[in-house]
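Trainee: So that we are looking at the same thing, I have put the structure below in structure tokens.
The values are calculated or read from the model by the stated rules, or taken from the named source; none is laboratory data. From a predicted model like this one, the values you see are computed outputs, not experimental measurements. Virtual Cβ from ideal backbone geometry, glycine too; neighbours counted across all protein chains shown. The protein model used for the area step is the full one, side chains on, heavy atoms only, and it has no ligands, DNA or RNA in it. Shrake-Rupley method; radii C 1.70, N 1.55, O 1.52, S 1.80 Å.
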Amino acid sequence: MANLLSSAPIHASLPDCFVFPPDQRPPASSQAVSLPVIDLSRGRDEVRRAVLDAGKELGFFQVVNHGVSAEAIRDMEAVCAEFFRLPAEEKAAFYSEDTDKPNRLFSSTTYELGDEKYWRDCLRLACGSPVGDTKNNWPDKPKKLREVVEKFVEPTRGVGMELLRLLCEGMGLRPDYFEGDLTGGDVIINVNHYPPCPAPGLTLGLPPHCDRNLITLLLQSTVPGLQVSYKGDWINVESVPNAFVIATNGVLKSIEHRAMTNAALARTSVATFIMPAADIPIGPAEELVGEGNPPRYRTVTFDEFMRVYKTVGARRESVEKAFKL
Ligand code: OGA
Ligand code: NI
């Protein structure tokens, strides 16, 4: 519990364990980029084309008019920020470094490589589908947390599934290709909390990584911090009110991204990950392989994929190398 960042008093200087090697530190300044912003209330043909183009080109885009109410988003952001403001004693019961625990609060690490710690606390919640009793495994404080998270995750999962259907249609797969086991794992919510940092130029909140799940819906907060790797540069992702930042994976591009810290403001983001069931094989759709288009990666169970990802680290290159045929 000692290193739980948000419980610590104001940090006067950055402890050494958070200092990254010079070549991995964030640049002093960088450009902002507007990711494609896709209005999901437009005609289906137009939306399908936009989603597919963005998924192919970048693997990162934003969606608005997605059907998750502004109220559900506002309540979610508020209750998450409130959770991190609880006194340390009240959060302690939930703190665990056991990575096999589906619901826990942890600090500073997730990706196993390297000695540096990341300037981040994280509340991880596993949500069944429907949420049902799984919410009883979540923190019972703040009092509204369980209800608010349930009201947020149900429609957010719906948006993720709709985006997958649109992507399938765009790629010529049956629209329900991802229904069932391929999205049958728990939906995982990571509430990332980046407290004000005494030296944002020396550290990172999250190191460069590609997400390991199928599709991610991120509420990125109005406090800036999210960056994507684009043509060799790290570029800030502009915040659009009530938008989700969408990261596709596997199906299309999976872009590397990371999170910066900020000297003045705490930043809390909410990532919703749609996951396959653990024991099912992950490989290319039969419809997409054939003569002249052989599979490029080994087919493995999702469990095995996660195990390897943990050992080789989250960088695109190392993960690709581990599975290349
Ligand atoms: C993540 C992630 C970015 C952010 O949780 O996987 O990339 O801005 N978060 O917090
Ligand atoms: Ni991510």
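Trainee: Which listed residue (L35, P102, P281) has the Cα farthest towards the positive end of the charge dipole for the chain, taking +1 on Lys and Arg C-beta and -1 on Asp and Glu C-beta about the Cα centre?
Mentor: Value: L35.
Trainee: Further, regarding this structure: Relative contact order for the chain using alpha-carbon pairs under 8 Å, separation at least 6, rounded to a whole percent?
Mentor: Normalised by residue count, the contact order of the chain is 23 percent.
Trainee: Of all accessible surface on the range 27-98 at a 1.4 Å probe, what whole percent is carbon and sulfur?
Mentor: Result for the range 27-98: 47 percent of the exposed heavy-atom area is carbon or sulfur.
Trainee: Which is farthest toward the positive dipole end of the range 46-153 among F84, P142, G67, measuring Cα position about the Cα centre, with Cβ charges +1 (Lys, Arg) and -1 (Asp, Glu)?
Mentor: Result: G67.
Trainee: OK, next. Classify the range 205-325: rounded, prolate or oblate, from the alpha-carbon gyration tensor (a ≥ b ≥ c, eigenvalue square roots; a/c under 1.5 rounded; otherwise prolate if a/b is larger than b/c)?
Mentor: Cα axes put the range 205-325 in the prolate bin.
Trainee: Using +1 on the beta carbon of Lys and Arg, -1 on that of Asp and Glu, and nothing else charged, what's the dipole of the chain about the Cα centre, debye to 20?
Mentor: In total the dipole reaches around 440 debye.
Trainee: May I ask for the distance between the Cα centers of the range 257-290 and the range 203-254, given as a whole number of Å?
Mentor: Spelled out, the Cα-based centre of one part sits 9 Å from the other.
Trainee: Are there GluC sites (Glu not before Pro) in the range 208-304 that DSSP puts in a loop and that have at most 11 other Cβ atoms within 10 Å, and which ones?
Mentor: Listed in order of number, the matching sites are E291.
Trainee: If the limit is 32 Å between Cα atoms, which of K144/K310; K151/K231; K231/K310; K56/K135; K56/K310 go over it?
Mentor: K144/K310; K151/K231; K56/K135
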